Amino acid sequence: MGPSWVAVAKSWRRMLPVLGWLGVCGLSACASDGAFDVERSGTSVGDAAGLGFTKEGALERATSVDGASARQAEADRVVRELWAVAGEHGVSGEAWSFEYQAHGGALTLLSFRRTVRGQGSGSTANWSGFSRELTRSLSTLVGVKPRRLRFTLERDPERWRFDLETVQGQAAPHARTVPEALPGASEPALSDALKVARHLVPAQGVSREGRVRQRARLHYEGMRLLDEVDTGLFEVQEGLGRPRVPASGDTRMPVVQALLPFRNAVGSRTVEVELEGRHVRGEAEARWRVVAAKTLEPDAPPEPMEDIAREYRAMQEDILRHWRQEVADNARYAGAWSFEQLAYWYVGGFIAKGTLGLFEAVAPTVVSVLGRGGTKAAQWFRTVLIRTPPAEREALQRIWMKAEAEGVAALGVGEKAELQALLRDMEQRLRAPLKDLYAKNKLREWARQEYFDVLQPQLARTLGPELMTTYPVHHLVPLEYAHLFPLRNINVSGNLVGVSREVHTGINSVWTLVRKSPRSVSASEVDEVARITRKHFGQWFHVVYDPSKSAVALSSAQKAALREVEVLLGL
């Protein structure tokens, strides 16, 4: 039998001051783990390596505030959660319902569900239009009395429409009771969500113009999402028997965005989620979304223990609040942020704060790509960050953290000039050949991880760990020519192919011939050589190579490709 509620409460009361201190030490130690310190140790990350986690960066600063400011911060966060789950990816005719527990201005997500499925593949939603009305009035509408709130969102062809009402229901025991300006997702939180998202998206795939559902239960402990997934029913709802289509390369991020809001609660809890995988006619890839999620109500404690149970939960909330504050104050630069997190942070921040205009004259390419927003812009900017020297990355983060904490207006003249200089250097570096060995190795590492973890997991399973080590991931346009295509993400999925060593050797012979050209090749010629390699070696892309069946054909393909390139370059 476990400890009684009374014993547990007394134990936690005695340990509260100690845990505040241990929270700082423990989190700092975790963040300083050598496995994340890629630049210093040169080691890979292991299970979390799919997105290139490193020790660059710092934990997002948690600014706990009181009163009206705290309630407004809670309201602002809820608007971002509604946007991340429903608004950003919504389609015409779609409707959603979100339930929150309100208490003293603190807002804790309890559940959400898509109540009406829209039509089409979705259109670009406008964040400013989505957020303007809600952000301005939400903190006032919510009030401070304990109650359950239901937000209803309906998407018409032009914009989202909103409604807010009070619903019946007991106060959720896992809900927070003190409003705070909660920090954004730290590296551990995002790493947890990414790992769970990998488990959630089924390997079965989605049929052409089809739709599937996946149900599962997830487990949260305090601020952490545990790497424990209880997978439930997998159901094909449309498209049974049709050919399968691959999932999009960014399939995890919509799932991650739906899981993160549930970490802003107290205690141990289970969240039941329902995912939808859907392929829409005319699109090349299938997409996944979490279309429903709810926190399951725990069993009530015995009646004599109800008061102690409430006190215990309040202490849990207090511990978490102190933990967040002390980590922010005492370990600002101890966090471990990945390049991808930094990229999302910068892209989102530059757009939300309207600062791109400051850089247009000095960094037009950077501004043009970041201005598009979204996952593709962040993925592109990650490849820019890895090419940026560590000292410049640190300076960029230092200045931008001040902008995040105090606003762009708080930046001095010198800081704004330094920020422009950093972006100017990024722009110039985009058009210079990539020579930094660390950057090239990291880009290759990310390419390999993304290829086998996200793009071709079935091939990875077929090859197995041992044979997979013999399969390079080849860039159709090699890294050495990335500077000819500054607007492109050199690690984009369409530029990555997995091939055997034998095939890779044949392709490399073609590029070796290109390097022997007495003149510099143009971007169009590089594209044409990539097309030639795809034409002659494409039958061995993304498959297990059998030399007993293909050796002769591979030799012929290599000779034909070399002849075609010789003609192209006049060699």
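The values are calculated or read from the model by the stated rules, or taken from the named source; none is laboratory data. Computed from a predicted model, the values in this text were never measured in an experiment. All Cβ positions, even for glycine, are placed from backbone atoms using ideal geometry, and neighbour counts span all protein chains on display.
The set of residues in segment 198-223 that are of a type outside the set (Lys, Arg), outside any strand (DSSP E or B) and in contact with a strand residue (DSSP E or B) (Cβ under 9 Å, 6 or more places away or on another chain) comprises His199, Leu200, Val201, Pro202, Gln204, Gly205, Glu209, Gly210, Gly222. For the criterion of being assigned to a helix (DSSP H, G or I) and of a type in the set (Val, Ile, Thr), Val565 passes. State yes or no: is Tyr471 among the hydroxyl-bearing types (Ser, Thr, Tyr) and surrounded by fewer than 16 Cβ atoms within 10 Å (Cβ to Cβ)? No; evaluated as a whole, the condition is false for this residue. Count of segment 362-387 residues, restricted to those that are among the hydroxyl-bearing types (Ser, Thr, Tyr) and crowded, with 22+ Cβ neighbours inside 10 Å, is 1. Just so you know, in segment 431-455 the residues that are in contact (Cβ under 8 Å) with a residue 40 or more places away in the chain and of a type in the set (Lys, Arg) include one that is surrounded by the most Cβ atoms within 10 Å (Cβ to Cβ), and it is Lys442. If you take the residues of segment 252-267 that are crowded, with 21+ Cβ neighbours inside 10 Å and in a loop (DSSP other than H, G, I, E, B), which of them is modelled with the lowest pLDDT? Across segment 252-267, the extreme among qualifying residues is Val266. Where the second residue is of a type in the set (Gly, Ala, Ser) and assigned to a helix (DSSP H, G or I) and the first is under 11 Å from Leu487 (Cα atoms) and lies in segment 363-382, which pairs have Cβ atoms under 9 Å and are six or more apart or on separate chains? Going by the 9 Å Cβ cut-off, the qualifying pairs are Val367/Gly357; Val369/Ala377; Leu370/Ala377; Leu370/Ala378; Ala377/Ala343; Trp380/Ala343; Phe381/Ala343.
When the criteria are applied in full, Arg531 fails the requirement of being part of a loop (DSSP other than H, G, I, E, B) and farther than 21 Å from Phe452 by Cβ.
Checked against the criteria, Val116 counts as modelled with pLDDT of 90 or more, loosely packed, with under 13 Cβ neighbours inside 10 Å and among the aliphatic types (A, V, I, L, M). None of Gln458, Gln428 is at pLDDT 95 or above, in a helix (DSSP H, G or I), surrounded by fewer than 19 Cβ atoms within 10 Å (Cβ to Cβ) and among the polar types (S, T, N, Q) except Gln428.
Quick check on segment 491-498. Is at least one of its residues in contact (Cβ under 8 Å) with a residue 40 or more places away in the chain, closer than 18 Å to Trp380 by Cα, crowded, with 18+ Cβ neighbours inside 10 Å and among the polar types (S, T, N, Q)? Taking every residue of segment 491-498 in turn, at least one turns out to be in contact (Cβ under 8 Å) with a residue 40 or more places away in the chain, closer than 18 Å to Trp380 by Cα, crowded, with 18+ Cβ neighbours inside 10 Å and among the polar types (S, T, N, Q). Just one residue in the set Leu164, Leu110, Leu190, Leu182 is at pLDDT 85 or above, hydrophobic (A, V, I, L, M, F, W, C) and under 26 Å from the mean Cα position of the chain (by Cα); that residue is Leu110. Filtered by the rule that a residue be over 21 Å from Glu394 (Cα atoms) and either part of a loop (DSSP other than H, G, I, E, B) or at pLDDT 75 or above (or both), segment 337-372 gives Gly354, Gly357, Glu360, Ala361, Pro364, Thr365, Ser368, Val369, Gly371, Arg372. Of everything in segment 167-179 that is surrounded by fewer than 21 Cβ atoms within 10 Å (Cβ to Cβ), among the aliphatic types (A, V, I, L, M) and modelled with pLDDT of 85 or more, the residue that is nearest to the chain's Cα centre (by Cα) is Val178.
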